[in-house]
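The values are calculated or read from the model by the stated rules, or taken from the named source; none is laboratory data. These figures come from a predicted structure and were not determined experimentally. Side chains included, ligands, DNA and RNA excluded: accessible areas come from the protein's heavy atoms. Shrake-Rupley method; radii C 1.70, N 1.55, O 1.52, S 1.80 Å.
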Amino acid sequence: GKEDLFRAVYEQVQKEVSDKVVAEFLRPDPWEALQVGCELWIDSHLDPAVQRIAMLDARAVLGWEVVRDVETRYGAVPLRGVLRRAVRQGIIEPYPLRPLSLIMMGALTEACFYVADAEDRESARNEIHALVTRLLSGLAAPTRG
């Protein structure tokens with residue numbers, strides 16, 4: 001039905017965003033990959049079509065459980081991969097990766113809403129990018145700090 005069709009569209013939008021971000025997560029330097037990938041996740045959600053489908057309609061049409069499942073598959077799982085590389089290379093502390101990636105994805109989702117709702121999106125985007133950098137630095141291993 002219509003809900004199944006919309007879910008397919010929503011998943012395709014999230015997959016397209018994820019594919020772009022995953023390309024950045026694969027950079028040789030996991031620290032740079034984390035920063036650039038997280039910023040790109042936010043920036044990708046500034047596209048009006050992505051906002052409409054992924055941020056507004058999906059929650060209303062599909063409900064939070066479905067949205068969370070899709071965001072986890074296309075956001076938190078790839079994020080966990082780059083976090084795992086960063087841990088293995090001693091760049092960040094060895095935190096439990098599943099909850100860390102879910103917490104970070106929740107923060108990135110809220111960051112997308114914050115920027116989208118701002119009157120001055122460029123200023124909001126700059127604020128968020130600075131905060132993402134600061135939050136990531138809190139994960140750094142002491143030698144990285």
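Derived scalar couplings between HN and Hα for region 26-41 equal 8, 3, x, 8, x, 5, 5, 4, 4, 4, 5, x, 5, 5, 5, 4 Hz in order, rounded to whole Hz, by the Karplus curve 6.51 cos²θ - 1.76 cosθ + 1.60 (θ = phi - 60°), x for Gly and Pro.
Against the chain, whose longest principal axis is taken from its Cα atoms, helix 2-25 shows a tilt of about 20°.
Seen from all directions on average, region 76-144 presents a Cα convex hull projection of 4.6 nm².
Output the relative contact order of region 40-126, whole-number percent, from Cα pairs under 8 angstrom with separation of 6+ residues. Walk me through the numbers on the way to the answer.
Values: 45 pairs, mean separation 32.9, N = 87.
Reported relative contact order: 38 percent.
What percentage of the solvent-accessible surface of the chain, computed with a 1.4 Å probe over protein heavy atoms, is contributed by carbon and sulfur atoms? Write down the numbers at each step before the final one.
Details: 4440 of 7910 Å².
Of the solvent-accessible surface of the chain, carbon and sulfur hold 56 percent.
What translational diffusion coefficient, to the nearest whole µm²/s, does the chain have by Stokes-Einstein, given a Kirkwood radius computed over alpha-carbon pairs, a temperature of 20 °C and 1.002 mPa s viscosity? Numbers along the way, then the final one.
Details: Rh = 15.6 Å.
For these conditions, the coefficient is 138 µm²/s.
GNM remark for the chain: springs join alpha carbons under 10 Å apart, and the peak mean-square fluctuation among P99, P78, P30 falls on P99. Three principal axis extents of region 35-121 based on alpha-carbon atoms, in descending order, are 39, 30, 15 Å.
Using the Stokes-Einstein relation with a Kirkwood hydrodynamic radius computed over Cα pairs, the translational diffusion coefficient of region 5-56 at 4 °C and a viscosity of 1.567 mPa s comes to 114 µm²/s.
Relative contact order for the chain: 28 percent, from Cα pairs under 8 Å spaced at least 6 residues apart, divided by residue count. The string of couplings for region 55-72 from the Karplus curve (6.51, -1.76, 1.60, θ = phi - 60°) is 9, 9, 5, 4, 5, 6, 7, 9, x, 5, 5, 5, 4, 4, 4, 5, 4, 5 Hz, one whole number per residue in order, with x for Gly and Pro.
Close amide-amide hydrogen proximity is noted between I92 and V87, A141, each under 5 Å apart and 5 or more residues distant or on a separate chain (H modeled in the peptide plane; Pro and chain starts excluded).
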